[in-house]
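Just below is one structure, and these are the notes that go with it.
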């Protein structure tokens, strides 16, 4: 399974990345999130939501294939 | 199900008054319209910890943002009796005093446009993945969070 992880705003600043690919067999978003925070410890203090394929999901969302995951910090549009 | 082409609501840089004027002019041929309502978001020179904001650098998760803009527009059409509904939001740097959001609704009568504009604007603030870096003159920044 190849996941594309996208970072925006505060999460891009905290990880130093805007996008990366991860090859692994995570079962849930919670598991993936834990690993991402391990890799980018600055993200631990940042409040963000997670979108899978452009829809916001809960941490118990089950990953099923090559999905696009985005770490979305608080919105500031308008 | 056929793939619907999603409109791009993101505009690079500030939204110009000329774009707004042109948009109004384009609706003059639609003579079933009796009322337009417009909301404009403008970048404010907030003072944060003694420093003044000089602009906001907007970034967006473009694919999702356009999808959500489209959903909000569709919801507005199903809730209110609209003839037209348009949304434009800036990405990139918008200086204080410049415009970053343009919501434009049109209907037969005024009430529907007032309600629809408010609905669309509030939904954008809450649901669209747009991020804002508030810039200071000294090159530092803070991240804006919608209240």
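Since every read-out is calculated from the coordinates, none of them should be taken as a lab result. Just so we're clear, the structure is a prediction, and the values are computed from it rather than from any experiment. Here Cβ is always computed from backbone atoms with ideal geometry, including for glycine, and neighbour counts include all displayed protein chains.
For the stretch B:22-41 versus the stretch B:112-134, the spacing of their alpha-carbon centroids is 19 Å.
Normalised by the number of residues in the stretch A:2-72, the average gap of Cα pairs under 8 Å and 6 or more apart makes the relative contact order 44 percent. Is the stretch B:28-119 rounded, prolate or oblate when judged by the Cα gyration tensor, a ≥ b ≥ c being the square roots of its eigenvalues, rounded requiring a/c under 1.5 and prolate requiring a/b larger than b/c? Since a/c reaches 1.5 and a/b is larger than b/c, the shape of the stretch B:28-119 is classed as prolate.
Averaged over peptide A:63-76, the number of partner chain Cβ atoms lying within 10 Å of each residue's Cβ comes to 4. Anisotropy class assigned to the protein assembly as shown is oblate, per the alpha carbon gyration tensor with a/c at or over the 1.5 cut-off and a/b no larger than b/c. Taking the simple approach of a point 7 Å from Cα along Cα-to-Cβ for both residue B:136 and residue B:35, what is their distance in nm? About 4.5 nm, to one decimal. Between 0 and 90 degrees, the angle of helix B:17-26 with respect to the longest Cα principal axis of chain B falls at about 10 degrees. This ranking places B:33, B:56 by how few other beta-carbon atoms lie within 10 Å of each, fewest first, which gives B:33, B:56. Evaluate E = 1/(1 + (r/R0)^6) for residue B:62 and residue A:37, where r is the Cβ-Cβ distance and R0 equals 35 Å; express this FRET efficiency to the nearest 0.05. Result of the calculation: an efficiency of 0.85.
Taken residue by residue and averaged, Cβ atoms of other chains lying within 10 Å of the Cβ of B:112-122 number 0.
Once the Cα atoms are used to define both axes, helix B:62-79 deviates from the longest principal axis of chain B by about 40 degrees. Shown for B:72, A:37: other C-beta atoms within 10 Å of each C-beta, ranked fewest to most, produce the order A:37, B:72. For the stretch B:10-144, relative contact order (Cα pairs under 8 Å, six or more residues apart, normalised by length) works out to 37 percent.
For residue B:16 and residue A:1, the FRET efficiency from 1/(1 + (r/R0)^6), where r spans their Cβ atoms and R0 equals 35 Å, is about 0.20.
For the pair the stretch A:1-62 / the stretch B:91-107, the C-alpha centres are spaced 30 Å from each other. The calculated FRET efficiency for the pair residue A:66 and residue B:78, based on their C-beta separation and a Förster distance of 25 Å, comes to about 0.15. Can you pull a Stokes-Einstein diffusion coefficient for the stretch A:2-72 at 25 °C (0.890 mPa s), Rh from Kirkwood over Cα pairs, as a whole number of µm²/s? Translational diffusion coefficient: 206 µm²/s. Could you check what % of the DSSP bridge pairs in the protein assembly as shown are antiparallel, to the nearest 5? Close to 85 percent.
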